[in-house]
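The values are calculated or read from the model by the stated rules, or taken from the named source; none is laboratory data. Predicted, not measured: the structure shown is a model, and the values here were computed from it. Reconstructed Cβ throughout: ideal geometry from the backbone, glycine too, with neighbour counts over all protein chains shown. Surface accessibility is based on the protein's heavy atoms, side chains included, excluding ligands, DNA and RNA. Shrake-Rupley method; radii C 1.70, N 1.55, O 1.52, S 1.80 Å.
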Amino acid sequence: MPKQPPYIRRRNFNEVALGYTEEMAVEEASRCLDCKKPLCVDGCPVEINIPGFIREIARNNFAEAIKVLKEKNCLPAVCGRVCPQEEQCEIRCILGKKGEPVAVGRLERFAAEWQALQSEMVMPVIKEKTGKKVAVIGSGPAGITVAGDLILAGHDVTMFEALHEPGGVLTYGIPEFRLPGKVVNREINYLCKLGVKLVCNYVVGKTKSLKKMLDEYDAVFLGTGAGLPWFMEIPGENLNGVYSANEYLTRVNLMRGFMYPKTYTPVIRHKRVAVVGGGNVAMDCARTAMRLGAEEVYIVYRRSQTELPARLEEFENAEEEGVIFHFLTLPEKLIGDENGWLQEIECSKMELGEPDQSGRRRPIRIDGSEFRMKMDACIVAIGNSPNPIIPSTTKELEVSKKGTIVVDESTNKTSMDRVWAGGDIVTGAATVILAMGAGRKAARAMQEYLMKSQ
Amino acid sequence: MFEIIERKMIVPNLHLLVVHAPDIVDEIQPGQFVIIHAGEGSERIPLSAADWNHEDGTLTIVFMEVGTSTGKLAMLKPGDFIPTVVGPLGKPTEIENFGTVVCIGGCFGIASIFPTVKALKEKGNTVITIVEGRSKNLLYWEKKLADYSDKLINITRDGSYGYKGHVNKAEDIIRETGIKPDRIIANGCMTLSYKTTQEYSHYNVPVMVMLNTIMIDGTGMCGVCRCTVDGRMRFACVDGPEFDGRLVDWEELAKRRKQYVGEEAFLVHHSGCGGI
Ligand SMILES: Cc1cc2nc3c(=O)[nH]c(=O)nc-3n(C[C@H](O)[C@H](O)[C@H](O)COP(=O)(O)OP(=O)(O)OC[C@H]3O[C@@H](n4cnc5c(N)ncnc54)[C@H](O)[C@@H]3O)c2cc1C
Ligand SMILES: Cc1cc2nc3c(=O)[nH]c(=O)nc-3n(C[C@H](O)[C@H](O)[C@H](O)COP(=O)(O)OP(=O)(O)OC[C@H]3O[C@@H](n4cnc5c(N)ncnc54)[C@H](O)[C@@H]3O)c2cc1C
Ligand code: SF4
Ligand code: SF4
Ligand code: FES
């Protein structure tokens, strides 16, 4: 798929991947063998009829293709861009055994973009109104899926969001150059057109307790995602110039810091930036820092490249854009000047030992290997704890030791009557498509309950 | 959308804002704050609740015009709408029958301490309220506070009204009258919080001060409001904003507050409290 060349894109916030033309999409789709037993489908957490939609693209029936996609996935434009296809659908594609797998994600994205360009939007049929009221808390992918499914089933759906814009991580976390804000807005607008009521600036548990919500709604879904960022618990983490990934990305994405000083939320344009961590979030921070004009951007990761949890595509993109990788490196100390600004980071070199519970080889510090790097910013991207607001204000809700909400595996029902949950708040940090899968499962159980109850 | 019912300058540089926010008013308690975002391009800024009315669902805020976002708020007129008022956020101030409580307010804190004063009085405490400003023309809400205080002490730095001095002056007065406070609570700028902690620590009772850190989401997601209290990393928006000042790492806090000073395009206007 065509991309902006690295030397250009590393300094702008426009989308990196430019998308297929119609000819390219048809050509790629024609490679699909339309397998009788499509292995690719087993790899998709929401079981999209992959050969089905690809067949339609190959036949130039783009409208049909999107219909097939939407049967299972209400956010194809998002998933086509950010799903880890290389470990889900594409890795199982039979063509991948010998050569290149079919580019399922890119085709999915193509179909969604094609539809967005059509002047007429085909609206799905909404079932007769049931008079039942549903509250969806959190407007990330999990919440969006539940809202979409239950509005079509004829219920009255209100989606509450704490921030001033909906979309969850899709809006405040994943940067513009990977997932443009307009794509997310389009999906939210579509939900609103279907009749979902959206209430932003509303923190359930604070503005109104969950218990009181239950007086007004027949069923509630909790899709509240991530909470407080983790830090490394090393000296110097409160120095100026040290950020959590969430702060950094929120300033730039949600608060439009990339347009500062046209906007008012300041983003400091640091020259030398170290990002700690090895996931998608770390890649996003590093590439954002680059786009804000940094001279040198480093990823500091304590294991080796083999263990890097980020998507391969994102690692390659980052490397092409000039991000420098320090593998097997662990920050030990952040050192500041007298005004509290970060100056240097001290790191140790690591080696890999025996595998740990996660099956990955455990990094072990090499004594005496400490070294320092001059840095004026350090972004800590090592994860978040689950969002605590609702559990901490709702004693009846069962949570795990880690703070995730405990649910029944087959229905995503919580310990509380009429309350379901799904997405990162249940699993801890996962993926967009898994959050959607959880939302779908919960929506099914909620629908069953709503139809049974008086 | 939230409708502005009233906006007026009450003393130089301090504005009163009354906004219609019935859901927030339903739940709000003393010591909590809201986050306001005046629309695309603005910052999300935390402002404390200074009063509220359950009947008409209005929330009162008193804010100091210091920069871009507060500057925008200062231009609002009744009938205007702002897109974001979210809350109530933060932990409420602990309200118990403590005995004798000294409540201290400076600049916007003269207003934001009011709900605490009122609630403490209603719980049966003896409430000594101290308000402090540079000059007489910067003090306000005297009657409102006096109505719920056993004693109201005014202090001005230039001596134009009440006693002359800083918050430490009030400590002299309290010591002289032989009052033994069971708790100190202060609202206002960082300097006031810091000075209060210094002056009142010797009583060996909690000195609860509001920390006004930089914030973005205010819901415990971004981590920008972190501070060190009792040797631990805490987040002012969810663990605070009130902490026992005796346990706060003030030096670190002061440095963190200055993070964006060089970046802000607009002038800093201090109302003379020497605040940070
Ligand atoms: C930087 C970054 C990059 C990522 N990249 C990828 C990727 O490439 N591919 C991929 O598949 N996944 C990626 N992920 C992970 C993915 O985004 C998440 O797994 C997914 O968004 C989780 O969805 P969710 O619906 O559970 O919650 P979220 O998306 O976290 O949404 C939760 C929403 O609930 C709101 N909320 C919380 N509490 C309340 C409350 N009390 N009242 C009202 N609203 C509330 C929050 O403000 C938020 O908007 C990435 C994550 C990050 C942070
Ligand atoms: C929990 C909490 C409650 C608060 N309650 C109130 C309140 O009730 N009334 C009120 O007036 N303020 C209150 N504040 C402070 C208020 O949030 C800031 O004054 C505001 O964010 C400044 O925004 P601005 O965009 O106008 O200024 P900016 O443009 O962001 O800043 C302009 C200049 O002012 C400085 N500045 C930034 N923040 C502050 C601050 N907190 N205090 C002093 N100077 C600052 C900056 O360093 C900058 O140089 C509270 C803060 C917190 C954390
Ligand atoms: S939703 Fe994700 S996993 Fe499923 S087919 Fe699309 S890209 Fe593949
Ligand atoms: S496995 Fe590959 S070739 Fe077979 S249907 Fe799926 S995408 Fe097409
Ligand atoms: S303001 Fe973001 S965590 Fe407190």
Residue list for the stretch A:59-68, restricted to those being under 13 Å from A:W114 (Cα atoms) and either open to solvent by less than 60 Å² (accessible area, probe 1.4 Å) or within 16 Å of ligand 4 (Cβ to nearest atom) (or both):
A:F62, A:A63, A:A65, A:I66
Is it the case that some residue within the stretch B:159-168 is in a strand (DSSP E or B) and free of Cβ contacts under 8 Å to residues at least 24 places away in the same chain?
yes
For A:S209, only one of the following conditions fails: (1) within 13 Å of chain B (Cβ to nearest Cβ); (2) open to solvent by less than 20 Å² (accessible area, probe 1.4 Å); (3) of a type in the set (G, A, S). What is its number?
(2)
Could you tell me whether the stretch A:398-409 includes any residue that is within 16 Å of ligand 1 (Cβ to nearest atom), at pLDDT below 95 and within 14 Å of another protein chain (Cβ to nearest Cβ)?
yes
Can you spot a residue in the stretch B:210-225 that is open to solvent by 30 Å² or more (accessible area, probe 1.4 Å), within 12 Å of chain A (Cβ to nearest Cβ) and away from ligand 5 (no atom under 14 Å from the Cβ)?
no
Some residue of the stretch A:230-246 being under 29 Å from A:V399 (Cα atoms), of a type outside the set (S, T, Y) and part of a strand (DSSP E or B):
no
Of all residues being open to solvent by 50 Å² or more (accessible area, probe 1.4 Å) and within 13 Å of another protein chain (Cβ to nearest Cβ) in the stretch B:67-93, which is farthest from the chain's Cα centre (by Cα)? Just the residue, please.
B:F81
Matching entry among A:N339, A:N317 (being in contact (Cβ under 8 Å) with a residue 24 or more places away in the chain, under 30 Å from B:K255 (Cβ atoms) and polar (S, T, N, Q)):
A:N339
Sole residue being within 15 Å of the chain's Cα centre (by Cα) and either assigned by TED's automatic domain parsing to the domain that holds A:E47 or surrounded by fewer than 17 Cβ atoms within 10 Å (Cβ to Cβ) (or both), chosen from A:G428, A:G422
A:G428
Residue hits (the stretch B:105-132; in contact with an Asp or Glu (Cβ under 7 Å, 6 or more places away or on another chain) and part of a strand (DSSP E or B)) are B:G106, B:T126, B:V127, B:I128
Log entry, pairs with first residue in the stretch A:233-245 being at the interface with another protein chain (Cβ under 10 Å from one of its Cβ atoms), second being part of a loop (DSSP other than H, G, I, E, B) and small (G, A, S), beta carbons closer than 7 Å, six or more apart or on different chains, reads A:L239/A:G340; A:N240/A:G340; A:S244/B:G223; A:A245/A:A381
Kindly indicate whether A:V41 is aliphatic (A, V, I, L, M), modelled with pLDDT under 95 and open to solvent by less than 20 Å² (accessible area, probe 1.4 Å).
no
Would a scan of the stretch B:58-65 turn up a residue that is at pLDDT 95 or above and part of a loop (DSSP other than H, G, I, E, B)?
no
The one condition B:D172 fails out of (1) within 28 Å of B:T60 (Cα to Cα); (2) away from every other protein chain (no Cβ under 14 Å) is (1)
